[in-house]
1. From the residues in region 686-700 that are more than 13 Å from residue 628 (Cα to Cα), open to solvent by less than 50 Å² (accessible area, probe 1.4 Å) and not basic (Lys, Arg), which one is modelled with the lowest pLDDT?
2. I'd like to know if region 616-634 contains one or more residues that are within 19 Å of residue 521 (Cβ to Cβ), hydroxyl-bearing (Ser, Thr, Tyr) and either in contact (Cβ under 8 Å) with a residue 60 or more places away in the chain or buried (at least 22 other Cβ atoms within 10 Å of the Cβ) (or both).
3. Which of (1) at pLDDT 90 or above; (2) among the polar types (S, T, N, Q); (3) crowded, with 17+ Cβ neighbours inside 10 Å is the odd one out, the single condition residue 503 does not satisfy?
4. Select from region 635-680 the residues that are open to solvent by less than 10 Å² (accessible area, probe 1.4 Å) and of a type in the set (S, T, N, Q) and list them in ascending order.
5. Within region 571-583, is there a residue that is more than 19 Å from residue 490 (Cα to Cα), at pLDDT 90 or above and surrounded by 17 or more Cβ atoms within 10 Å (Cβ to Cβ)?
6. Within region 497-510, count every residue that is in contact (Cβ under 8 Å) with a residue 60 or more places away in the chain and part of a helix (DSSP H, G or I).
7. Starting from region 526-547, take each residue that is outside any helix (DSSP H, G or I) and list its partners that are buried (at least 20 other Cβ atoms within 10 Å of the Cβ) and not basic (Lys, Arg), counting only C-beta distances under 6 angstrom and pairs at least six apart or across chains.
8. Which one is most open to solvent (accessible area, probe 1.4 Å) among residues in region 221-252 that are among the polar types (S, T, N, Q) and farther than 16 Å from residue 188 by Cβ?
Amino acid sequence: EKDESLQELDTATATATATTTALNKEELQSMAMGAATRALDRILDAHMIQVQEHRFALGDDPAIVLEAKGPTAVVDEAPMEKGAAFVPREFLDAILEVATLYGMTFSTTAQDNESLTEFISEAFGSFLTHIRSILLDESSQLVMQGHDVAATLSKLDDNDVLLNPTVTASKVDEDVADAKEEEISNALTLLVRMVQEMASGLALPEVGVNPQFCETLVTEALTVADSMVTRRIYQKFYDLRINVVKTCLVPFAERLLEQHGNSTNDKVVAAAQQQQLANSTLSDCLQLVDDTIRSIVAAGAGGNDQLAGNTNIDNSSINHTIKEAVQENIRQFTDWLAGALEVVAGGERSGTKCVVDVSTQMDEDEQGNEDDEEPKMDSEIAPVSFSVLDDDARDAENIMELVDSVGLILKRGTSKMAGDEFSVTIAEMCRLAQNSIMENLIQSMAAHFGTAKKRSRLFEGGALLAQDEEEDEISERFRLAASRIFALYAQQKGAAAAAILVSGLGQLPADDTAALDCEAPQECAILALEQVKALALECSEIFGGPSRAGIVPEMDDGPFVGGLSSGMGAMRSSLQFDVDRIFKEKLPGFLHPSETLDLSRNTILFLMLNVALRGWYEGVRACSFSNGAFKQLQVNVEFLKLMIGHYIDENYQVQGNDATTSLTNLLSDTMAAVSERCSDESCETDEFTLQESKAVVRDFISRVSSEGNDIGARFIIDKD
């Protein structure tokens, strides 16, 4: 085919020379270039047919790699290099021969060189598009079938036994895949080498092509090679995500359930087992990352060395492309892993795609011109989801379905309380990753790329360092994940406490006679504080430090219409309290998703109490109360105000505001809502009713504070 094309080119050139008297020079050049273009197109068409015939002859099986011989190889010929079948050398040889014949046939003026350069540029562009299409088609056979990746969601059988999710995914054998990747890598190596040889021939004086233009041809070939390498690395890390879900997260959830079913009542032993499981799971994830980096470097190492040895290209620049792509994909993978752990812990996907319809405003003139037309709305698609492969975002959604199935294992296999405990385990895994994952990644990069084990040199100028240069972006992402999970955990605990407090509203007296028998806070208030105490003890074990802020504060004796300001019983006048309420700042009930918590006992308890008291406040607003119910709620409020200082330090602040003051103000707002909804117009918190309520709380605390009292032991923390 090559000989026939070149023969046609020679014939066209000879014909052009013979008809010089009939045609001018421009027409002759046009005829020659047209004939050359058709000949080159046939070379590419023939090469594409050969590649497809060879593939179909093998049954289109992705597990079969092209043999060393090309599809047109003759038995007696020497075997071709790996990957040579994907690069039609005869096309580049034809371009060089066309340029040589063009220079020999026509005089080489500046305008002639410009025409020749334009012809070479167009032909070479078609060549690169052809090569890229073939290599993309070959590499697509290595893709773990993203459209087939789906989770068979967990279901319960007739015996309420959890059926674990299964993954329907197919992947070629690892050895065959590595061989295919090596062949593609060699094809890219040969591509650059052949283009450089052609460029060297075009730059010879007898051909007369501008040497700077020849350099641009090599640069374009390198750009194609870089893009293919980058895409291969993206695909490797995409497969890594699926492997992490299948081999790490799913077994982690199953083993958590197994440990929960076999564990004793010793919470310390159970927590230690869960922590050990979290450590091993994180280690498995990091090992998969290390294996992925190793396979990437191994697949490109041989080709890079060969490319550097046969060309004038520095090997360090080639490795730099791979290194940059690996660094960027590590950042994206760790961001995905942190988000996946959030989803497993019960959170929402942080990268969900959304479609936003935006109605654009039109000028009056435009509105007047379009009175007879139907109204139109411009739509803007704002993709905010994280996707490794931009050409098919559904693959990323399918992976998140797998992650959702891991969460379903935990949700359907345990009670709500056990699920909350698992959330703490996952949050601890994020904290462990925050402290260790960066160092492990640095060691992996240093081992496989041969760089120094220093963060400033390994990721210099990259996207892995935060702007403050104190905390890197990867560690900060896992810190944010741990913060979100702990915040969700505290809010869930607060919602449970709010439900307990609201349930007590239905048990309030419907008349005023029962108010005379009010000798203690309601049982719902004690039950809610039981939840607070349990969380305080748990936070002390997780974060360290004391489990309480101090002993139960003493109730003040004076008139104090706002409750305790700092948990220490300080006296404040009504006027001073009213002034404080005017200038107080309202704290949000829920955190912003990007806000990172300073994880401590005070933070978690404040989040819980903030949600619990706000939920109680909303429950109060939906009810009406008798005078007796009003007085009972007054006792409950004073009891809760007193106990806040027992759990949260008086100096702890949230967004510049005193935390205990914010919570007591919220309780005061709740009592004001009760007063507004009281059926008796005389319901109001005056000095007498406040003194009565405080006296009831004071007597109750004195009765239950003694050592060994069962009621006090339910909500009072005896020691740090």
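1. Checked region 686-700; the qualifying residue modelled with the lowest pLDDT is 690.
2. Taking every residue of region 616-634 in turn, at least one turns out to be within 19 Å of residue 521 (Cβ to Cβ), hydroxyl-bearing (Ser, Thr, Tyr) and either in contact (Cβ under 8 Å) with a residue 60 or more places away in the chain or buried (at least 22 other Cβ atoms within 10 Å of the Cβ) (or both).
3. Here residue 503 clears every test but (3).
4. Matches in region 635-680: 636, 660, 664, 670.
5. Checked against the condition, which is being more than 19 Å from residue 490 (Cα to Cα), at pLDDT 90 or above and surrounded by 17 or more Cβ atoms within 10 Å (Cβ to Cβ), region 571-583 yields no hits at all.
6. Qualifying residue count for the region: 7.
7. These pairs meet every condition: 547/536; 547/717.
8. So the residue we want is 247.
The values are calculated or read from the model by the stated rules, or taken from the named source; none is laboratory data. None of these values were measured; they are calculated from a predicted model. Here Cβ is always computed from backbone atoms with ideal geometry, including for glycine, and neighbour counts include all displayed protein chains. The area values use the complete protein model at the heavy-atom level, side chains included, leaving out ligands, DNA and RNA. Shrake-Rupley method; radii C 1.70, N 1.55, O 1.52, S 1.80 Å.
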